[in-house]
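Colleague: Just passing along the structure, written as structure tokens.
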Amino acid sequence: MKAVQRLKNGKAAGCDGISPELLTCAFGLISSCLHELFLRVWASGHVLAEWREGIIVSLYKGKGPRNQCSSCRVISVLSVPAKVFANILLARLEPLLASHRRQHQSGFSRGRWTQSLLSDY
């Protein structure tokens, strides 16, 4: 439920056509189906094809000529259920990784930054 609540409404649906609003508004109705799907993916180790695909979109930054690559940024629109599954995995793995990580190997960890690493010396 926490992973679904973290979804931002108004975002595009992925290749499967499932939008964040569908999961947030109908979560009570589809939560058991979504849970069963996640259990099957976990047990089998096989990820759905739609979860491995993304729609690549080029967005104009708002400055410079529109026909130059440097004036655009590229995003990939991914499957919303796949994002929920990834957030669940991340939430379960982060505490394990944090407990086994060496102190100086935390460059992109929450609450740590370069200056805190330098102050440890």
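Colleague: List pairs: first in region 26-45 and free of Cβ contacts under 8 Å to residues at least 60 places away in the same chain and under 18 Å from residue 7 (Cα atoms), second surrounded by 11 or more Cβ atoms within 10 Å (Cβ to Cβ) and among the acidic types (Asp, Glu), Cβ under 8 Å, 6+ apart or cross-chain?
Modeller: Cβ pairs passing all conditions: none.
Colleague: In region 66-79, which residues are farther than 11 Å from residue 54 by Cα and not basic (Lys, Arg)?
Modeller: Matches in region 66-79: 67, 68, 69, 70, 71, 72, 74.
Colleague: With the checklist (1) closer than 22 Å to residue 12 by Cβ; (2) assigned to a helix (DSSP H, G or I); (3) of a type in the set (Ser, Thr, Tyr) in hand, flag the one item residue 76 doesn't pass.
Modeller: The single condition residue 76 does not satisfy is (2).
Colleague: Taking the condition of a type in the set (D, E, K, R) and in contact with a Gly (Cβ under 8 Å, 6 or more places away or on another chain), does residue 36 pass?
Modeller: No: the conditions fail for residue 36.
Colleague: Return only the number of the condition from (1) more than 15 Å from residue 86 (Cα to Cα); (2) at pLDDT below 90 that residue 21 does not satisfy.
Modeller: Failing condition for residue 21: (2).
Colleague: Before we move on, is residue 82 touching a residue at least 40 places away in the same chain (Cβ under 8 Å), within 15 Å of the chain's Cα centre (by Cα) and loosely packed, with under 13 Cβ neighbours inside 10 Å?
Modeller: Here the answer is no, as residue 82 does not meet what is asked.
Colleague: Among the numbered criteria (1) free of Cβ contacts under 8 Å to residues at least 24 places away in the same chain; (2) surrounded by 11 or more Cβ atoms within 10 Å (Cβ to Cβ), which one does residue 63 miss?
Modeller: So residue 63 meets the others, but not (2).
Colleague: From the list 36, 21, 94, 50, which one is in contact with a Cys (Cβ under 7 Å, 6 or more places away or on another chain) and not in a loop (DSSP other than H, G, I, E, B)?
Modeller: Every option except 50 fails the conditions.
The values are calculated or read from the model by the stated rules, or taken from the named source; none is laboratory data. Small disclaimer: the values here were computed from a predicted structure and weren't measured. Because the Cβ atoms are built from the backbone with ideal geometry, glycine has one as well, and the counts that use them run over all protein chains shown.
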